[in-house]
Amino acid sequence: EEWKSQCPHCGKFHEIEFENIRFEKEEAVVAGSKTYRITSIWYVCPSCGGVSTEATMKSQPARWEASNPDAYANTGTRSFRLTSFVSPWASWESTIQLYLAAIGDSTALQAVYNTRFGLLWEDRGDIEDEDSVMSRREEYTAELPDGVLCLTCGIDTQDDRLEYEVVGHGHFGETWGIKKGIIMGRPDTDGVWTNLDSVLDHIYRFDNGIGLRISIAFIDEGGHFTQDVRMRARERFSKKLFPIKGRGGDGVPYTAPPKKQKIMVNGRAIGQCWCYEIGVDSGKQIIMDNIRVKSPGSKYCHFPKRDDYGAGYFKGLLSERLVYKKERKNPWTWEKIPGHERNEALDCRNY
């Protein structure tokens, strides 16, 4: 049964739903975060299009209406749904503020949908296919587009190559893909690391000639070359290159303080290096949430219209999805999509 309010214009009863509430807002930046001021709110009747205020709708006659009236007669079961839009203790503005603050964060949005909208939330990991995301690519007029404030680099280690991506970061989680590349060769050979140095040392420039260096870089230490990666990263401490170790599982935080790890050669410790741990599942959720954002601005992902950001890149970036397996203790798990075996682009973006 749903609590339905009567429209003062046409007399029909409807549940007050978020999709029928309209509002205007002003944005401001306070202490580095976006804040919103709601300037006007109104309700539009889905039957007649009549416009009403919050005070009017909360004072209108209302009643419970069952969508399945036979349920009680047949099974003795009654169920109810109530949204915060009819609550005398929750203003429409407070609900809208919570919604605006949660955009781009699936966990926060779930709380708003459940506790304010009275709606179910199911995150099945469904996102756009690679073709539609690829179609959002844009022309960069320089290596660095306006809006980039700092650069990071994520590097994935394979037995015969390194794959990397340089990413630009701006205000409010907005990102720009800057460069995606592959360095062929075994990670225990000098030439591979010399080529990586050219990426880390490069000065990436804006239209006006001002340049930025990579602020920090993380390289996957997994696989068969853990000790080589640790040793080479320690040699490049001045370049702010650090080994990173992925840890899966629900509830593992995205980032954590670094820890010192031993560098072992022939069974003997030759030194230590700082190593970071990353909650890869938390990171993948953030990436997919950001890809869902459709308009440039907060948390939006920009990609350049170039060959290094071609079909193969997007197939790898969107290579995994969140699936539900009820037999598991933590039923939501990330799995590769059939036909998308290469996920290095996703790992690099995560790092």
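Observations, loosely collected:
- Applying a 4.7 Å cutoff between beta carbons, the unpaired cysteines of the chain are C150, C153, C273, C275, C301, C348.
- In this calculation the C-beta distance from N266 to N114 is compared with R0 = 51 Å, giving a FRET efficiency of 0.35.
- Net charge contributed by nearby residues that have their C-beta within less than 15 Å of A62 (K/R +1, D/E -1): -1
- Part-to-part distance (alpha-carbon centres) for the stretch 174-193 and the stretch 299-316, which is given in Å: 16
- Nearest-10 value in Å² for the accessible area of W3, using the 1.4 Å probe: 80
- For the pair the stretch 55-92 and the stretch 8-38, the centres of their Cα atoms are 21 angstrom apart.
- Accessible surface computed residue by residue for the stretch 65-124, with neighbouring protein chains in place and a 1.4 Å probe, gives 64 Å² per residue.
- ³J(HN,Hα), Karplus 6.51/-1.76/1.60, whole Hz, each residue of the stretch 326-336, x for Gly, Pro: 5, 6, 8, 4, 9, x, 8, 9, 8, 9, 5
- √(5λ) per eigenvalue of the Cα gyration tensor, the stretch 1-159, largest first, Å: 40, 23, 15
- Accessible-area value, R306, 1.4 Å probe, nucleic acids and ligands omitted, Å²: 90
- Theoretical ellipticity at 222 nm over the chain - DSSP helices of four or more residues, -39500 (n - 2.57) apiece, nearest 500: -7000 deg cm²/dmol
- Taking the convex hull of Cα positions in the stretch 240-335, its mean projected area over all directions (nm²): 10.2
- D207 paired with S87, simple spin-label distance in nm, labels 7 Å along Cα-to-beta-carbon: 4.7
- Formal net charge of residues neighbouring V86 (Cβ-Cβ distance under 12 Å; K, R +1; D, E -1): +1
- Three-way shape call for the stretch 49-112 based on the alpha-carbon gyration tensor, with the a/c threshold at 1.5: oblate
- With contacts taken as Cα pairs under 8 Å at a separation of at least 6 residues, the stretch 153-267 carries a relative contact order of 21 percent.
- Only Cα pairs under 8 Å and 6+ residues apart enter the sum, and on that basis the relative contact order of the stretch 201-295 stands at 23 percent.
- Expected-Rg normalisation [2.2 N^0.38 Å, Cα atoms] applied to the stretch 1-69: 1.42
- For the chain, DSSP calls about 75 percent of its internal beta bridges antiparallel.
- To the nearest 10, the accessible area of K239 is 60 Å² with a 1.4 Å probe.
- The computed mean projected area of the Cα convex hull in nm² for the structure shown corresponds, within (1) 23.9; (2) 16.9; (3) 23.0, to (1).
- Computed over the chain, relative contact order equals 14 percent, with contacts defined as Cα pairs under 8 Å that lie 6+ residues apart.
- Per residue accessible area of the stretch 295-351, 1.4 Å probe, in Å²: 52
- Point-to-point label distance, S215-S47, nm (Cα→Cβ direction, 7 Å offset): 5.5
- Accessible surface of the chain [probe 1.4 Å, protein heavy atoms]: carbon and sulfur percent: 50
- Distance in nm between pseudo-label sites at S40 and D131 (7 Å out along the Cβ direction from Cα): 4.2
- Placing S87, S295 in order of accessible area, with the largest value first and a 1.4 Å probe, yields S295, S87.
The values are calculated or read from the model by the stated rules, or taken from the named source; none is laboratory data. Note that the structure is a prediction, hence the values are computed from the model and not measured. Glycine also receives a Cβ, built like all others from the backbone with ideal geometry; neighbour counts cover every protein chain displayed. These area figures cover heavy atoms from the full protein model, side chains too; ligands, DNA and RNA do not enter into them. Shrake-Rupley method; radii C 1.70, N 1.55, O 1.52, S 1.80 Å.
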